[in-house]
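Quick notes on the structure that follows.
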Amino acid sequence: MQPVINYLNTNSGEIINSLGQHLTISFIAAIIAILIAVPLAIILINHRKIGELVLQITSVIQTIPSLAILGLLIPLVGIGTIPAIIALVLYALMPVFANTYAGLTNIDPLLMEAADAFGVSWRFKLFKIQIPLALPMILTGIRQAVVMIIGTATLAALIGGGGLGTYILLGIQTNNNNALIVGAVLAAALALIASGLIRLLAKVPLKYLTFAIIGIFTLAGIGWGVKSLEFQQQETITIAGKMGGEPEILINMYKDIIENDQPQIKVKLKPNFGGTSFLFKGLQSQKIDVYPEFTGTVLQSLVKTDKAIPHRPRLAYQQAQKLLQSQYKMTYLAPMQYQNGYAVVVRRSTAAKYHLHTIADLTQFPALKAAFDPDFYQQSDGYPGLKKFYHLHFQNVKTMEPALRYEALAKGKVAVTDGYTTDPQIKKYKLVVLNDSRSFFPPYQGAPLVRTEFARSHPQIIKSLNKLQGQITTKQMQTMNYQVTVQHKKASQVAHQFLQQHGFLVQKSSKR
């Protein structure tokens, strides 16, 4: 447990922020679901056929995989918290509506007949008889919905919604069990606490329960207002990064350089925001202002082109820059020196035994066991292209998740795997990157990507970001990745230390 405790202490600020995001998303989704499902059930008390139809519809929604719902919502409402909340509301409707409807329609008919005989109004009958009698079932439905919402909200991290799912995904991608345990345990604990609180609410008289709900809404509104005022006091720009340690290092560098040059600007970071498509859509929809992207990724995944990807880094960048501007009105700033491109990796002992120096040397040893990332195994710039280009044909090839393939290589279960040139595992396991002597792999140089409109209105920010042009070697980035991923240092500290050591920060930031 000590490594988990150390991880909690080291990342306490970020974890608390993710916990707050998780609570916010879950709270908003639960309130919206209750405000829709409970009144709808009340309206349909005397319309049984329509009530059964609504019950069937909400049940069908529950059978749709959550990832499918998120995928359908992205083209309509973009990425971030909004599609995550909508998906959670859709999932929560069924338990809240079903229990409320069942509770209201299964009240003893004799009680209802007695109320009618006394000539009470429908309002009196609803609030003094029906709702109090149905309240235990209503709260049961709400409890089920809240527990489900908190658990499902971890998927919000897939579309840049934040929350505790960020640590679960980060743990899976980087093979960091500490992050995985923190995310999973906190989400489970949050669900149990919420369930227990709702159980306690079932014992509270209805009128006090009403006051409690009003108080919660009031406090939430005050908190939201204070937060909005804080952001209005100074200009805020949002910088996001993909999953993993390296993108987090880069966005912290961007933040430090911008705030060092222009203290009046507040930079908001969104680390582990999601994959390439989510970040690009976030940039288009103005949910984020800057994110680091790689030339090879731009040319293969973002822009439309019939041209082959140039193998010279400068030409690849120029092509990516031109296409981003013409197709999307995006400005691609000048790249850094290092490349985070594909690589073929072996153990040092394997390289020595078979005298391996280049990828071409592997053609003489087809019996070596290979394990590749599923994407690398299928993509044209991965193993399929590598086979044709180098005439490379392994007799035994497996696909393996990125976090596991290095471990399998280090333990001798496989002899060859793919990787990225800045992966910290290369340093950790003292592996050998075989030279791509014929330049098969396309260039992957990182650079800030912004909307052209943003670049024109923020020339000083662009000037600050351009300080990283041609800076940071592959070895330097690999070392920083090692510090974050293997030694579990905070990305913000590693980035700040590098910038200070290399003279990028003229004066020490007052916020540190």
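The values are calculated or read from the model by the stated rules, or taken from the named source; none is laboratory data. Remember, it's a predicted structure, so these values are computed and weren't measured experimentally. We place every Cβ from the backbone using ideal geometry, glycine too, and count neighbours over all the protein chains shown.
Some points to look at:
- Within the set 389, 365, the sole residue that is among the aromatic types (Phe, Trp, Tyr) and in contact (Cβ under 8 Å) with a residue 24 or more places away in the chain turns out to be 389.
- Residue 451 being in contact (Cβ under 8 Å) with a residue 60 or more places away in the chain and either more than 15 Å from residue 338 (Cβ to Cβ) or not assigned by TED's automatic domain parsing to the domain that holds residue 7 (or both): yes
- Per the conditions (1) modelled with pLDDT of 90 or more; (2) within 21 Å of the chain's Cα centre (by Cα); (3) of a type in the set (A, V, I, L, M, F, W, C); (4) farther than 20 Å from residue 164 by Cα, the sole criterion not satisfied by residue 73 is (1).
- Single match in 24, 81, 100 (criterion: of a type outside the set (Lys, Arg), under 26 Å from residue 193 (Cα atoms) and at pLDDT below 85): 81
- Number of positions in region 68-103 that are part of a helix (DSSP H, G or I) and over 20 Å from residue 30 (Cβ atoms): 6
- Residue match in region 98-109 (condition: within 30 Å of residue 286 (Cβ to Cβ) and aromatic (Phe, Trp, Tyr)): no
- Going through (1) touching a strand residue (DSSP E or B) at 6+ places or on another chain (Cβ under 9 Å); (2) at pLDDT below 95; (3) surrounded by 19 or more Cβ atoms within 10 Å (Cβ to Cβ) one by one, residue 449 falls short only on (2).
- In region 46-70, the qualifying residues are those that are at pLDDT below 90 and more than 32 Å from the chain's Cα centre (by Cα), and the one that is surrounded by the most Cβ atoms within 10 Å (Cβ to Cβ) is 48.
- Flag for residue 158 being out of contact with any helix residue (DSSP H, G or I) (no Cβ under 6 Å at 6 or more places or on another chain) and crowded, with 19+ Cβ neighbours inside 10 Å: yes
- Residue 388 meets the stated requirement of being part of a helix (DSSP H, G or I), assigned by TED's automatic domain parsing to the domain that holds residue 360 and exposed (fewer than 14 other Cβ atoms within 10 Å of the Cβ).
- Residues (modelled with pLDDT under 85 and either outside any helix (DSSP H, G or I) or among the basic types (Lys, Arg) (or both)) located in region 225-269: 227, 233, 234, 235, 243, 244
- Test: residue in region 472-491 that is aromatic (Phe, Trp, Tyr), surrounded by 20 or more Cβ atoms within 10 Å (Cβ to Cβ) and in contact (Cβ under 8 Å) with a residue 60 or more places away in the chain: no
Conditions tested, residue by residue: (1) surrounded by 14 or more Cβ atoms within 10 Å (Cβ to Cβ); (2) of a type in the set (Phe, Trp, Tyr); (3) more than 25 Å from the chain's Cα centre (by Cα); (4) not in a helix (DSSP H, G or I).
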{"position": "377", "(1), (2), (3), (4)": "yes, yes, no, no"}
{"position": "381", "(1), (2), (3), (4)": "yes, no, yes, yes"}
{"position": "392", "(1), (2), (3), (4)": "yes, no, yes, yes"}
{"position": "397", "(1), (2), (3), (4)": "yes, no, yes, yes"}
{"position": "405", "(1), (2), (3), (4)": "yes, no, no, no"}
{"position": "422", "(1), (2), (3), (4)": "yes, no, no, yes"}
{"position": "432", "(1), (2), (3), (4)": "yes, no, yes, yes"}
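- The listed residues are 331, 358, 350, and the only one of them that is surrounded by fewer than 22 Cβ atoms within 10 Å (Cβ to Cβ), polar (S, T, N, Q), touching a strand residue (DSSP E or B) at 6+ places or on another chain (Cβ under 6 Å) and not assigned by TED's automatic domain parsing to the domain that holds residue 278 turns out to be 358.
Quick grid of which residues meet (1) in the same structural domain as residue 372 (by TED's automatic domain parsing); (2) on the phi > 0 side of the Ramachandran plot; (3) at pLDDT 90 or above:
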position	(1), (2), (3)
403	yes, no, no
418	yes, no, yes
458	no, no, yes
464	no, no, yes
482	no, no, yes
494	no, no, yes
511	no, no, no
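- Output for region 424-440, where each listed residue is closer than 23 Å to residue 250 by Cα and out of contact with any helix residue (DSSP H, G or I) (no Cβ under 7 Å at 6 or more places or on another chain): none
- Residue match in region 152-169 (condition: farther than 30 Å from residue 481 by Cβ and either within 17 Å of the chain's Cα centre (by Cα) or assigned by TED's automatic domain parsing to the domain that holds residue 96 (or both)): yes
- Residue within region 362-372 that is among the small types (Gly, Ala, Ser) and under 30 Å from residue 447 (Cβ atoms) present: no
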